[in-house]
Amino acid sequence: EFDFDNDNEYIIHIGCSNTYGLYLHEHERASSLIEKNLDIKTYNLGLCGGSPNYIMMNVANLLYNVSKKPKALVIQWPVHMRLNFPFTHPHSSIMRIRPTEKQKGFGSFVQGYINPLETHAKWCHRHTLNLLNNFNINTIEYDLTSKENFYNISEIERTDYAYDNKHIGALTNEHVFNYVKEQL
């Protein structure tokens, strides 16, 4: 339940399934640790398969449609080779695309010097930060340790895995919490 306008002060945590806390107990998620230990309402807007454009669209929607703005926005930037498209049909949520070179018809989107998906991800990143800056929202962003640090931001090392042995675990979520606490 989201009731942004009736909270005195709140933080939003947004990202992909790692932010959502997939395959973890709710109390193990970084957003829950923030809420419990810093005594501030924290909304988790993590989405399994989340993408840079998902973050940009939801941040814009929030900032332009909520009267009480968050104290801070914590962004875990997901893999840049993803796209999410919202559906307008009431029984559908979103369509997720994670193209690879092997998928028929997607080669030109993920190869070469000018990669449209990388360009789009960088634009979403910059646009999101510009929006937050224009609304004077404290922004804390991080990337989970990746091969290339695509967004050129602070990285948090994955130190353990969730119960599926794929997503970040409880200990890594504690590292995220400590990083956010230091930034606040």
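Tell me which residues, restricted to the range 31-44, are touching a Gly at 6+ places or on another chain (Cβ under 8 Å) and surrounded by 21 or more Cβ atoms within 10 Å (Cβ to Cβ).
Passing the criteria: S31, N44.
Can you confirm whether the range 57-64 contains a residue that is more than 22 Å from I156 (Cβ to Cβ), modelled with pLDDT under 90, open to solvent by 70 Å² or more (accessible area, probe 1.4 Å) and under 17 Å from the mean Cα position of the chain (by Cα)?
Within the range 57-64, none of the residues are more than 22 Å from I156 (Cβ to Cβ), modelled with pLDDT under 90, open to solvent by 70 Å² or more (accessible area, probe 1.4 Å) and under 17 Å from the mean Cα position of the chain (by Cα).
Scanning the range 148-169 for residues that are without any contact (Cβ under 8 Å) to a residue 60 or more places away in the chain and open to solvent by less than 100 Å² (accessible area, probe 1.4 Å) yields N149, S154, E155, I156, R158, T159, D160.
Beta carbons closer than 9 Å, at least 6 apart along the sequence or on distinct chains, pair a first residue in the range 1-23 that is more than 21 Å from Y64 (Cβ to Cβ) with a second that is among the charged types (D, E, K, R) and modelled with pLDDT under 85 for C16/R82.
Residue-level analysis places E101 among those that are in contact with a Gly (Cβ under 6 Å, 6 or more places away or on another chain), open to solvent by 80 Å² or more (accessible area, probe 1.4 Å), modelled with pLDDT under 95 and not β-branched (V, I, T).
Within the range 67-94, residues that are of a type in the set (K, R) and surrounded by 10 or more Cβ atoms within 10 Å (Cβ to Cβ) reach partners that are in a loop (DSSP other than H, G, I, E, B) and modelled with pLDDT under 90 with beta carbons closer than 6 Å, at six or more positions or on different chains, in the pairs R82/R98.
The values are calculated or read from the model by the stated rules, or taken from the named source; none is laboratory data. On a predicted model such as this, the values are computed, not experimentally measured, just so you know. Cβ sites come from the backbone with ideal geometry, for glycine too, and all protein chains shown count toward neighbours. Accessible surface areas use protein heavy atoms only, side chains included; no ligands, DNA or RNA. Shrake-Rupley method; radii C 1.70, N 1.55, O 1.52, S 1.80 Å.
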